[in-house]
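S.K.: A single structure is presented below for examination.
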């Protein structure tokens, strides 16, 4: 949330970097079921598209 608030968007690959890997070495994939990860990535991509418009 902090990253999105500060930057307005976030690349989905960040979900596999710190601080997410600080919680689980697999990043977001280790924290949520695959269907949820796909939905999170979809939302991040939608935010990115809308921020660029």
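S.K.: So what's the angle, to the nearest 10 degrees on a 0 to 90 scale, between helix 34-52 and the longest Cα principal axis of the chain?
M.R.: Helix 34-52 sits roughly 20 degrees off the main axis of the chain.
S.K.: Then there is this: For the chain, what is the mean residue ellipticity at 222 nm derived from helices alone (per DSSP H run of n ≥ 4: -39500 (n - 2.57); sum divided by total residues; nearest 500 deg cm²/dmol)?
M.R.: -17000 deg cm²/dmol
S.K.: How much length is gained if the chain between residue 11 and residue 26 is pulled fully straight, taking 0.36 nm per residue apart and subtracting their Cα-Cα distance, in nm to one decimal?
M.R.: Full-extension gain reported as 3.7 nm.
S.K.: Moving on to the next point. Which shape class, rounded, prolate or oblate, goes with the range 2-52 when its Cα gyration tensor gives a ≥ b ≥ c as root eigenvalues, a/c under 1.5 marks rounded, and past that a/b bigger than b/c marks prolate?
M.R.: Cα axes put the range 2-52 in the oblate bin.
Each value in this text was obtained by applying a stated rule to the coordinates, not by laboratory testing. None of the values given here were measured: they were computed from a predicted structure.
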